[in-house]
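Each reported figure results from applying straightforward, stated rules to the coordinates on display, with no laboratory input. Keep in mind that what you see is a predicted model, and the values were worked out from it rather than measured. All Cβ positions, even for glycine, are placed from backbone atoms using ideal geometry, and neighbour counts span all protein chains on display.
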Amino acid sequence: MEPTASSPLKLGDLKLKMRLEGKVSKIGMAGAYIDVGLSQPGLLHISQLSHTPVNRVEDVLKQGQQVEVWVHRLDAGAGRLELTMIPPIQVEWKDLKPGARFHGKVIRLEQFGAFIDVGAERPGLVHVSEMSNEYVRNPSEVVKPGDEVEVVVLDIDRKKRQIRFSMKAVEAVSAEPDEEQEEAPLPTAMEVAFRQAMQSSSEAAGAAAQAARSAPQRESQEEILTRTLRSRARTSSSEQ
């Protein structure tokens with residue numbers, strides 16, 4: 001989340017990239033002074049008014065105008081604060097990895113897709129084929145400039161400074177199981193010993209039951225053999 005601040009403020013409370021709201025207190029050739037609620041105003045240099053070059057400060061600002069600014073440079077010891085109206089980079093290139101999910105705003109539509117600002121150095125493209133699982137003929141069928149959307153990084157090209165996003169992959173990422181939560185904890189040494197003891201007891205009980213089932217069968221066979229031998233003995237005696 002973007003850092004913010006509210007009045008009253010102290011210079012030591014500020015941090016780089018912190019967003020502030022202020023009022024133009026003075027305009028000069030090199031820039032303007034902005035009252036953000038401190039004991040002294042912050043300097044907004046003319047080069048920090050816009051991404052595009054500005055020839056005259058008056059072309060952008062007026063005395064008493066309310067503005068949104070960010071902390072650009074800070075020296076609390078010297079009591080110096082420099083501000084910028086150019087939104088700072090909130091998402092570094094190292095944070096843009098395939099599969100990473102971001103919240104962004106649609107800033108421009110083209111026939112082939114939409115450009116999404118997630119606070120990186122430049123916006124990324126969601127191709128029309130990555131907007132929905134259903135067929136989309138034109139990006140305007142799904143989004144419009146100013147819409148806030150969730151996107152997932154498909155891939156990046158640092159050399160060309162290009163970012164490719166997907167909107168339809170957001171549901172897939174959200175549905176993925178949390179491996180850390182689903183993974184069963186490893187058993188302790190005591191649990192392992194207990195399981196082995198239970199398994200041994202079960203095997204012993206099974207062997208005893210098998211022996212008990214086999215005993216009557218062995219006894220029956222012995223009885224049959226005994227009767228057969230006795231019968232043969234009686235038959236031989238009678239013949240003699």
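Dipole magnitude for the range 11-84: about 60 debye, using +1 per Lys or Arg Cβ and -1 per Asp or Glu Cβ, origin at the Cα centre.
For the listed residue pairs Lys10/Lys94; Lys94/Lys168; Lys15/Lys97; Lys15/Lys168; Lys97/Lys144; Lys15/Lys94, the alpha carbons are over 29 angstrom apart in Lys10/Lys94; Lys15/Lys168.
When all alpha carbon pairs of the range 93-175 are counted in 5 Å bins from zero, the resulting P(r) reads 3, 17, 30, 26, 17, 6, 1 %. For the range 11-38 versus the range 56-76, the spacing of their alpha-carbon centroids is 6 Å.
Counting only lysines at least 8 places from Lys26 when in the same chain, those with an alpha carbon closer than 18 Å to its own are Lys62.
In a simple Cβ point-charge model (Lys, Arg +1; Asp, Glu -1; nothing else charged), the range 93-175 has a dipole of about 420 debye relative to its Cα centre.
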